[in-house]
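Here's the structure we're looking at; comments come further down.
The values are calculated or read from the model by the stated rules, or taken from the named source; none is laboratory data. Remember, predicted model here, so these are calculated numbers, not experimental data. Note: ideal-geometry Cβ built from the backbone for every residue, glycine included; neighbour counts use all protein chains shown.
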Amino acid sequence: MPRALIRTDWRGLALPNQLGRDEPNATTFLRGDRRWVVPTGTQRYVNVQASPYLAVGDGVTDDAAAIQAAIEATPIGGTLYLPRTNNYYRVLSTPTINKVIHLMGDGWRLQAGGLTGSIIRQEGGLTNDAFFIDATAGELDGLLIENIALGTTSNGRHALHLGANVNRSVFRNIFLAGAVESAFKQATPGNHILNHYENIRISMGFVSVLGYAIPKRGFDLGAGSTSVFLNCGVAGVTTAPGIGWDLANGPISNFFYFPESEGNTIGWNFGGAASGNILFGSYHEANGTTVGGSSTTPNNLSITSGGDSTAGVEFPATVGLTIKANVMGTSDPFVEIPAGTLLANTLLAPFLSGPARGPRGSIHASRTGVSTLYDGTADGDVPLFAHADTNTDKVAIQQWVATGALADVMLSVGATGGDAAFMSRNWSAGAQTGIRVRFLKVDVIATASLPAAAAAQDGRIVIEDNGAGDRNVIIYAGGERFRLDGGTAF
């Protein structure tokens, strides 16, 4: 039996039949205003609107059975096509993919008063999802879903729900138009390994008025998730707890490239064993709390964060984020470290206070510990750890040592001008205590070079070198100086 010779594009899709020939044993379908030719009998390309599936997409008809039948008819490696409609595909049960296929729509468009495109909307119950990826029969590697929109009304659960073991798959250009629970849900435990998520958008600003539910969580990542999120964002998640990006289930080693969180109750929630996650170029704006949660393994990283929220990035206790912050909005201070934050496993550099004031200096790590640099600006300093918002007592470093323990640390403080001071305080009692010095080294200065007595020298102690073995202790106090005979060398 003759077969049609079908040319394909770079994605493996049949090219339009521009010659207008009648191909034996071939069928055609429309994608937008283009005519596509597919060999009869191969079923490599399945259109949900074609016979015998006949999905309608009028927002009234229940298209769940038609879509599911089209999924089952699509062979492994085949393409399932979801054409755009003037409304949406209404489903009252959950369409489920359990094999490696390519699900392709005509994209989506969001604007004030409308969401158009290839849309599946769940309206059938609180245990139903707009779409579910089921890998219970075995790992799914190589799935591709693109150019569609998914969402639920108040009578649905998740918009896009990934079961366990969905790996090495690609999800791109997907709009998640709300859900009751999570718009994007990864099962826990999950092992979502090496997936690529690109341009996945959750935005409730326009679609909530269209009957879509405002979710409790935007991106709800599962334990063991190790993937790339490229240019993905979430805005307007305010149903309690209202978390834009939820990492509380313990995802590890995810890379977020230019993620966005805007107008959520909580922008990012770190908790549990969330570890090794990297945020690059993250943008935060108008979230109630930018970063929340408490990770038990604070080894996450955020680089070049920006936005115009009250604080560009906040660090609750034990989140352990590493920050390299650039000012992109009006935040002042741009990086905020609340009192009580633990700085274990944390690196900050550089530290910017606000776009109008410029850098206050930097805090960086070295093999000797932590060093603070200050540019000498008169209206502030660079606290490594401050117990007051205004830092009026100029606390630069605080170190807690258990009762009876020895502080096995070395601290070096240098000042380009003025004094560098140390103070020891019993924090619980609020009283100043003594400082134990095991080894004290002071300057040795020739007699002719000794500073003259002056109030600016008060409190200084030096060793005078008068030559010929004559060494004395010089004390400056009350605008005067005093010599204590050094005695005989031994």
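For the stretch 212-225, the set of residues classified as at pLDDT 90 or above and in contact with a Gly (Cβ under 9 Å, 6 or more places away or on another chain) consists of 212, 213, 214, 215, 216, 217, 218, 219, 221, listed by residue number. Determine whether residue 179 is assigned to a loop (DSSP other than H, G, I, E, B), in contact with a Pro (Cβ under 7 Å, 6 or more places away or on another chain) and free of Cβ contacts under 8 Å to residues at least 60 places away in the same chain. When the stated conditions are applied, residue 179 passes them.
For the stretch 230-239, the condition holds for at least one residue, the condition being that it is surrounded by 23 or more Cβ atoms within 10 Å (Cβ to Cβ), within 13 Å of the chain's Cα centre (by Cα), at pLDDT 85 or above and not in a strand (DSSP E or B). The requirement of being in a strand (DSSP E or B) and under 12 Å from the mean Cα position of the chain (by Cα) is fulfilled nowhere in the stretch 200-212; no residue meets it.
Among the residues of the stretch 472-490, is any touching a Pro at 6+ places or on another chain (Cβ under 7 Å) and not charged (D, E, K, R)? Taking every residue of the stretch 472-490 in turn, none turns out to be touching a Pro at 6+ places or on another chain (Cβ under 7 Å) and not charged (D, E, K, R).
Residues that are buried (at least 22 other Cβ atoms within 10 Å of the Cβ) and closer than 20 Å to residue 58 by Cα do not occur anywhere in the stretch 139-147.
Out of the residues in the stretch 105-122 that are buried (at least 19 other Cβ atoms within 10 Å of the Cβ) and of a type outside the set (Gly, Ala, Ser), which is modelled with the lowest pLDDT? The qualifying residue modelled with the lowest pLDDT is 115. Restricting the stretch 154-201 to residues that are at pLDDT 95 or above and of a type in the set (Val, Ile, Thr), the residue that is surrounded by the fewest Cβ atoms within 10 Å (Cβ to Cβ) is 170. Screening the stretch 53-78 for residues that are touching a strand residue (DSSP E or B) at 6+ places or on another chain (Cβ under 7 Å), of a type in the set (Val, Ile, Thr) and farther than 19 Å from residue 160 by Cβ and picking the one that is surrounded by the most Cβ atoms within 10 Å (Cβ to Cβ) gives 61. The number of residues in the stretch 122-153 being in a strand (DSSP E or B) and either of a type in the set (Ser, Thr, Tyr) or within 28 Å of the chain's Cα centre (by Cα) (or both) comes to 14.
Among the residues of the stretch 240-282, write down those that are aliphatic (A, V, I, L, M) and not in a loop (DSSP other than H, G, I, E, B). Hits for the stretch 240-282 are 243, 247, 252, 266, 278, 279. Checked against the criterion of being of a type in the set (Gly, Ala, Ser) and modelled with pLDDT of 95 or more, the stretch 19-35 contains not a single residue that satisfies it.
For the stretch 44-71, the set of residues classified as farther than 14 Å from residue 121 by Cα, touching a Lys or Arg at 6+ places or on another chain (Cβ under 9 Å) and not polar (S, T, N, Q) consists of 71 only.
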